[in-house]
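J.: Just dropping this structure here.
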Amino acid sequence: QDPRNVRQAAPERKTDYSKYRTRKDEMAGVLNQNQEGNGGRGAKQQERKLEPVRVEKKIGRNEPCPCGSGKKYKYCHGR
């Protein structure tokens, strides 16, 4: 190998992170500004209460099947 044909690695470039926002409170300010710019629609979404998810009782394997056949769920619709 000829030493004249060997390329040197490029020096590492230092990245200036001072431009980036890093704290959570700074990000919260940005989010609030964006929501105000949407005509106040973002604020209404936060005020709306979320309703809890309703989950039906899970049928056990050895319980009678809800279809009314009289069989256990595992032998009827559980297959």
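The values are calculated or read from the model by the stated rules, or taken from the named source; none is laboratory data. Computed from a predicted model, the values in this text were never measured in an experiment.
J.: Test Val53 against the criterion of being over 30 Å from Tyr73 (Cα atoms) and at pLDDT 60 or above, and give yes or no.
T.: no
J.: Would it be correct to say that Gly39 is on the phi > 0 side of the Ramachandran plot, part of a loop (DSSP other than H, G, I, E, B) and either modelled with pLDDT of 80 or more or within 29 Å of the chain's Cα centre (by Cα) (or both)?
T.: Values: on the phi > 0 side of the Ramachandran plot: yes; part of a loop (DSSP other than H, G, I, E, B): yes; either modelled with pLDDT of 80 or more or within 29 Å of the chain's Cα centre (by Cα) (or both): yes.
Yes.
J.: Next question, about the same structure. If Gln1 passes every condition in (1) closer than 30 Å to Tyr75 by Cα; (2) at pLDDT below 80; (3) not β-branched (Val, Ile, Thr) but one, which one does it miss?
T.: Exception for Gln1: condition (1).
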